[in-house]
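A.B. asks: First the structure, then my questions, so here it is.
The values are calculated or read from the model by the stated rules, or taken from the named source; none is laboratory data. Predicted model, so just to flag it, every value in this text is computed and none were measured. So basically every Cβ, Gly included, is an ideal-geometry build from the backbone, and we count neighbours across all protein chains shown. Just the protein is used for accessible areas: all its heavy atoms, side chains included, with ligands, DNA and RNA removed. Shrake-Rupley method; radii C 1.70, N 1.55, O 1.52, S 1.80 Å.
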Amino acid sequence: MTFKELGLKKEVLDAVASLGFVEPSPIQQEAIPQLLSQEKDLVGLAQTGTGKTAAFGLPMVNQVDFESKKTQGLIICPTRELCIQISKDFQAFSRNFRNANIVPIYGGASIDTQIRQMNRGAQIVVATPGRLMDMIKRKRVDLSQVNYVALDEADEMLNMGFKEDIDAILSNTPETKQTWLFSATMPREVVRIAKTYMTDPIEITVGTKNASAKNIEHQYFRVNDRDRFDGLKRIIDFEPDMYGVIFCRTRRETAEVAEKLMKNNYSAEPLHGELSQAQRDRVMRAFRKKSIQLLVATDVAARGIDVDDITHVINYNLPDEIESYTHRSGRTARAGKKGVSMLLLNNREAGKLRQIERIINTEIKQVKFPTGEDICKKQLLQLIDKVVAVEVKEDQMAQYLPAIEEKLAELSKEEIVKKFVSAEFNRFLSYYGNSRDINDTSSSSRGGDRDRGRGRDRRRGDRDSGRDRSRGDRRERAPRGDRRERSSRSDRSDRGGEGFNRNVDGESTTLFLNVGMKDFSDKGHLIRVLCQEGGVAGKNLGRIRMMDNFSFVDVAPKIAGKLLKGINGVEIEGGRKMRAEVSNQ
Ligand code: AMP
């Protein structure tokens with residue numbers, strides 16, 4: 001089937017052609033004709049990577065009147081990343097309509113710019129729920145003329161606590177609109193939304209329900225907790241061309257794993273909600289450009305990561321919500337490519353394998369960690385391939401050749417080869433030379449035999465990890481990519497979030513305060529001052545990180561302005577004036 005046969009306008013077909021899309025993907029073949037010919041609601045069970053943005057985007061762009069300035073189409077999605085990506089896609093789909101204005105609305109960026117963009121008349125708005133609610137309240141977005149609403153990654157939005165916002169947003173749209181809902185999984189809450197807001201929807205399922213993409217190979221490794229990081233390194237070392245995302249469970253673990261990888265000279269960067277928006281943008285830009293090889297991320301921060309070519313997803317630890325595994329693994333094998341999703345499992349977690357297999361409807365195969373010898377061989381051959389492929393710049397080399405030849409005159413050809421390879425390769429040999437087996441073989445069943453396995457592992461682990469650590473310390477490797485500046489922020493007063501529990505990823509604002517532990521005895525003291533002087537309720541304050549001389553406070557964006565006004569200039573003990581500003585760490 002061709003795009004032309006789907007019934008799209010010439011302007012849209014030309015845009016599709018210039019994007020290089022040759023034939024519609026299965027979800028596009030199913031959805032587009034139905035959305036063009038019927039005024040019906042739609043529920044689509046589909047992952048990212050299936051082409052679902054174009055599946056609802058092309059029909060929407062095809063039907064919107066770009067001569068009018070009214071907002072007719074609305075897409076709601078969970079994260080800023082996804083919001084930007086969808087807007088870019090829509091801008092590309094509508095490039096042949098002269099007056100098309102597609103506006104992304106998301107938290108963590110200037111609301112004034114977004115207001116200005118809206119004032120020009122946006123026919124289609126792509127938004128995250130929190131900021132959109134803000135704009136609706138400020139009467140900067142008028143949804144009364146909306147004909148099409150698409151809810152993208154509905155399950156993620158609900159996971160992230162946007163239920164009320166979605167309800168409120170939908171209540172601002174006309175009854176007559178068409179609602180198109182897309183979700184990778186169908187938990188009860190998504191079904192509720194579908195039932196509440198949709199009438200007799202068309203149902204489209206790409207692949208089986210809750211299944212992940214077919215071209216992902218799922219693998220698991222059995223490992224002792226104390227060997228988890230070494231296991232990760234082995235996997236990475238065995239796949240020199242890996243371009244991957246490593247998922248961790250918490251922000252702290254994400255930061256730690258990334259830090260350890262960087263210390264070991266891997267090209268890795270963390271991505272988590274504690275970083276400022278500017279930092280996250282920088283990391284994502286570098287990752288997209290492939291100047292970073294490995295992204296270490298939390299589930300929340302990685303939502304909406306839409307990067308083609310990711311070869312590996314590594315689940316360093318399992319997600320809290322097992323269903324998130326589908327989202328994690330869906331970051332690879334996009335746009336028809338192949339990918340591998342790997343899990344590192346300890347004895348206790350092995351029992352969850354079956355649950356995941358049920359969700360993805362696919363077997364997860366056990367694989368063994370490569371041995372030190374496997375890794376050395378692979379790296380060596382990769383090095384040789386690189387040497388063979390290297391371009392020799394004869395002209396520039398010529399002047400140095402006599403000196404080089406003179407120095408090497410004493411050595412035979414074989415010796416020269418060995419020495420050059422060793423110069424590059426000794427660090428691998430010395431690190432992996434006598435490495436032990438880190439596969440956890442304590443229990444052959446998937447999760448049974450726990451106690452016996454744990455006891456034995458602990459003893460073996462204690463002995464071996466000491467030896468391995470000292471070897472690891474000596475290891476030296478050349479940098480493999482650009483390195484980021486290290487965060488100097490202390491974690492010491494990071495006692496977890498309090499107060500509002502919203503998506504810190506875009507939906508909260510981080511403030512920098514020039515006061516810290518030296519000024520206030522504890523977090524409670526600081527909170528009291530902020531509430532009193534700022535005139536805001538404590539529930540609007542989120543995570544607070546206090547260092548000796550300064551602090552970072554996450555706050556609900558809607559009160560940030562008021563709080564800043566209230567606390568700036570307030571005199572604290574010792575006569576110093578409090579100063580606060582939006583952080584751009
Ligand atoms: P999505 O599932 O919408 O996130 O799309 C995944 C990727 O597939 C994006 O990079 C799209 O640009 C690309 N894509 C979508 N539809 C097609 C198509 N029909 N042919 C080729 N690539 C496509």
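A.B. asks: Restricting attention to region 53-73, report how many residues are more than 16 Å from ASP89 (Cβ to Cβ) and free of Cβ contacts under 8 Å to residues at least 40 places away in the same chain.
C.D. replies: So the count comes out to 1.
A.B. asks: Where in region 251-314 are the helices (runs of 4 or more DSSP H), entirely inside, with at least 1 residues that are within 10 Å of the chain's Cα centre (by Cα)?
C.D. replies: In region 251-314, the matching helices (runs of 4 or more DSSP H) lie at 277-288, 299-302.
A.B. asks: Any residue in region 536-548 that's under 15 Å from THR509 (Cβ atoms): show its pairings with residues that are polar (S, T, N, Q) and open to solvent by less than 10 Å² (accessible area, probe 1.4 Å) at Cβ separation under 9 Å, as long as the two are six or more apart or on different chains.
C.D. replies: Hits for this filter: ILE544/SER493; ILE544/SER551; ARG545/SER493; ARG545/SER551.
A.B. asks: Only one residue in VAL43, VAL16, VAL12 is within 12 Å of the ligand (Cβ to nearest atom), outside any loop (DSSP other than H, G, I, E, B) and open to solvent by less than 30 Å² (accessible area, probe 1.4 Å), so which one is that?
C.D. replies: Only one candidate passes the filter, namely VAL16.
A.B. asks: Exactly one of (1) free of Cβ contacts under 8 Å to residues at least 60 places away in the same chain; (2) part of a helix (DSSP H, G or I); (3) loosely packed, with under 14 Cβ neighbours inside 10 Å is unmet by LEU380. Its number?
C.D. replies: (3)
A.B. asks: Does MET157 satisfy the criteria of being aliphatic (A, V, I, L, M) and either in contact with a Gly (Cβ under 9 Å, 6 or more places away or on another chain) or surrounded by fewer than 22 Cβ atoms within 10 Å (Cβ to Cβ) (or both)?
C.D. replies: When the stated conditions are applied, MET157 does not pass them.
A.B. asks: In addition: Which pairs have Cβ atoms under 7 Å, sit 6 or more apart or on different chains, and link a residue in region 9-20 that is within 14 Å of ILE32 (Cβ to Cβ) to one that is crowded, with 18+ Cβ neighbours inside 10 Å and among the aromatic types (Phe, Trp, Tyr)?
C.D. replies: The qualifying pairs are VAL12/PHE93; LEU13/PHE3; ALA15/PHE93; VAL16/PHE3.
A.B. asks: With the checklist (1) over 23 Å from the mean Cα position of the chain (by Cα); (2) near the ligand (Cβ under 9 Å from one of its atoms); (3) of a type in the set (Gly, Ala, Ser) in hand, flag the one item ALA54 doesn't pass.
C.D. replies: (1)
A.B. asks: Continuing with this model, one more query. Only one of ASN101, ASN96 is surrounded by fewer than 24 Cβ atoms within 10 Å (Cβ to Cβ), touching an Asp or Glu at 6+ places or on another chain (Cβ under 6 Å) and more than 17 Å from ILE305 (Cα to Cα); which?
C.D. replies: ASN96
A.B. asks: Any residue at all in region 118-129 that is within 16 Å of the ligand (Cβ to nearest atom) and more than 27 Å from the chain's Cα centre (by Cα)?
C.D. replies: no
A.B. asks: Let me ask something else about it. Consider THR48 against the criteria (1) over 14 Å from TRP180 (Cα atoms); (2) within 10 Å of the ligand (Cβ to nearest atom); (3) of a type outside the set (D, E, K, R); (4) assigned to a helix (DSSP H, G or I): it satisfies all of them except one. Which criterion is unmet?
C.D. replies: With (1) over 14 Å from TRP180 (Cα atoms); (2) within 10 Å of the ligand (Cβ to nearest atom); (3) of a type outside the set (D, E, K, R); (4) assigned to a helix (DSSP H, G or I) applied to THR48, the lone miss is (4).
A.B. asks: Give PRO59, PRO104 a once-over and let me know the one that is within 16 Å of the ligand (Cβ to nearest atom) and within 25 Å of ILE204 (Cα to Cα).
C.D. replies: That would be PRO59, the only listed residue that is within 16 Å of the ligand (Cβ to nearest atom) and within 25 Å of ILE204 (Cα to Cα).
A.B. asks: Can you tell me how many residues in region 19-40 are within 13 Å of the ligand (Cβ to nearest atom) and not in a loop (DSSP other than H, G, I, E, B)?
C.D. replies: Selection size over region 19-40: 7.
Table: residues versus (1) surrounded by fewer than 21 Cβ atoms within 10 Å (Cβ to Cβ); (2) polar (S, T, N, Q); (3) within 24 Å of ASP112 (Cα to Cα).
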| residue | (1), (2), (3) |
| --- | --- |
| CYS531 | yes, no, no |
| ALA537 | yes, no, no |
| PHE550 | yes, no, no |
| VAL555 | no, no, yes |
| LYS558 | yes, no, yes |
| ASN568 | yes, yes, yes |
| LYS577 | yes, no, no |
| ALA580 | no, no, yes |
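A.B. asks: Here's something else I'd like to know. Taking ILE86, is it open to solvent by less than 50 Å² (accessible area, probe 1.4 Å), away from the ligand (no atom under 14 Å from the Cβ) and either at pLDDT below 95 or β-branched (Val, Ile, Thr) (or both)?
C.D. replies: no
A.B. asks: Oh, and also: Between a residue in region 285-307 that is under 16 Å from GLU256 (Cβ atoms) and of a type in the set (Val, Ile, Thr) and any residue that is part of a loop (DSSP other than H, G, I, E, B) and open to solvent by less than 30 Å² (accessible area, probe 1.4 Å), which pairs come within a Cβ distance under 9 Å, given they are 6 or more apart or on different chains?
C.D. replies: Qualifying pairs under 9 Å: VAL296/CYS248; VAL296/HIS272; VAL296/TYR316; THR298/CYS248; THR298/HIS272; THR298/GLY273; THR298/ASP505.
A.B. asks: Regarding THR199, is this residue open to solvent by 30 Å² or more (accessible area, probe 1.4 Å), among the polar types (S, T, N, Q) and in contact with an Asp or Glu (Cβ under 8 Å, 6 or more places away or on another chain)?
C.D. replies: Here the answer is yes, as THR199 does meet what is asked.
A.B. asks: Answer with yes or no whether LYS338 is away from the ligand (no atom under 16 Å from the Cβ) and among the charged types (D, E, K, R).
C.D. replies: Taking the combined requirement at face value, the residue does not satisfy it.
Residues are listed down the side, and each one gets a yes or a no for (1) more than 27 Å from ALA109 (Cα to Cα); (2) of a type outside the set (Lys, Arg); (3) not assigned by TED's automatic domain parsing to the domain that holds GLY130:
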site: VAL515; (1), (2), (3): no, yes, yes
site: ASP522; (1), (2), (3): yes, yes, yes
site: ARG528; (1), (2), (3): yes, no, yes
site: CYS531; (1), (2), (3): no, yes, yes
site: VAL553; (1), (2), (3): no, yes, yes
site: LYS562; (1), (2), (3): no, no, yes
site: GLU571; (1), (2), (3): yes, yes, yes
